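Here is the structure we will look at, set down as structure tokens.
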Amino acid sequence: MAGDGFPIALFGLRIALNLATMLVIGLSLHGALGVVERKAFGRYRLFLLLAAIAVALLATARVGFLNVQLGDPSSIFDPDMTALSWLALGPSTLAFVGGAFVVVVGGIAGSRVVLAAGGVILSAGFALTGHTQALDSPGAMPVAVSLHALIAGFWVVAPLTLWPASPPDGPELVARLHRFSAIAVIAIPVLLALGVWLAWTLARGWDGLVATTYGQLLLAKLAVGLTTMGMGALNKQVVTAKVAEHPEQGFRWLRNALSVEAVLFAAAILAVSAATTLTGAGE
């Protein structure tokens with residue numbers, strides 16, 4: 001059997017996979033939807049390609065980790081154990097690896113359509129694993145999880161793509177902020193609504209949300225989301241105007257706001273990773 005430290009190692013792997021996948025989805029969408037201008041997207045291309053490769057490697061590593069979890073450390077490359085682990089992780093692994101490959105192709109080719117397709121495939125990876133797969137009748141849950149992950153990625157990468165480089169690119173940054181906000185004002189409420197419905201359904205109601213560690217972690221994630229949504233509204237109404245009118249001060253405000261959002265996003269990813277790794281529905 002796996003050692004006492006194995007759950008922590010698995011937790012770390014899950015955090016890394018969730019974070020890398022969110023960043024790849026987000027960068028792909030920001031490029032595909034024109035949030036980041038085509039000429040400016042080149043500065044993120046190498047990061048996108050490396051993150052996509054990391055997603056493929058981390059998703060594949062999960063199979064070996066499950067081999068160890070089901071057997072012992074010597075089972076990590078065992079063919080029979082791998083075949084058993086593949087029954088549980090095969091579809092999601094194919095989605096993560098396949099989506100990463102499509103993103104790499106789209107990034108190299110500079111194709112918005114291919115980048116968007118890669119992001120959608122990656123988001124499906126979250127729907128093909130996790131606690132929704134344990135439901136007797138998942139119904140629309142996998143689609144909801146996929147859409148939730150897609151929008152979350154679009155939001156999570158904002159501190160990277162909206163980070164002000166220097167005062168001279170003020171007009172370009174303001175235009176980017178407006179393009180992001182035009183999509184976010186519709187997408188983020190959908191994200192939070194899906195999050196509430198998924199949490200309620202997976203925790204099996206209010207009692208499951210407040211009385212179990214799993215539910216409490218989901219509530220913590222929702223609380224972080226609402227807080228970040230409030231900050232986003234502040235950015236849209238106040239910070240963007242400040243960047244346009246007083247670039248030097250506005251850039252400083254924006255950096256501070258995006259730094260706080262990055263910390264909140266990290267907290268949300270930690271909560272989700274813990275809920276899907278260290279606990280289970282009803283625990």
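Please identify the helices of the chain, taking whole runs of DSSP H, that span at least 18 Å along their own axis as judged from the Cα atoms and have a mean Kyte-Doolittle score of 1.0 or higher. Don't jump to the answer; show the numbers that get you there.
Details: long enough: 6-32 (38 Å, 1.61); 38-70 (48 Å, 1.12); 79-109 (39 Å, 1.44); 112-127 (23 Å, 1.76); 141-156 (22 Å, 1.74); 170-202 (44 Å, 1.44); 213-234 (32 Å, 1.08); 247-277 (43 Å, 0.75).
Those that pass (Cα extent of 18 Å or more, hydropathy at least 1.0) are 6-32, 38-70, 79-109, 112-127, 141-156, 170-202, 213-234.
Between the stretch 202-231 and the stretch 33-74, how far is it from one alpha carbon centroid to the other, in angstrom?
That distance is 27 Å.
Please name whichever of 160, 246, 214 sits farthest to the positive end of the charge dipole of the chain, dipole taken about the Cα centre and charges placed at Cβ: Lys and Arg +1, Asp and Glu -1.
246
What percent of all Cα-Cα pairs in the chain falls into each 5 Å bin, going from 0 up to the bin containing the maximum distance?
1, 6, 12, 16, 17, 16, 13, 9, 5, 3, 1, 1, 0
What FRET efficiency comes out for the pair residue 88/residue 197, r = Cβ-Cβ distance, R0 = 22 Å, nearest 0.05?
After rounding, the FRET efficiency stands at 0.30.
Read the figures in this text as sums done on the coordinates, not as results from a lab. If you're wondering where the values come from, they're calculated on a predicted model, not measured in any experiment. Glycine also receives a Cβ, built like all others from the backbone with ideal geometry; neighbour counts cover every protein chain displayed.
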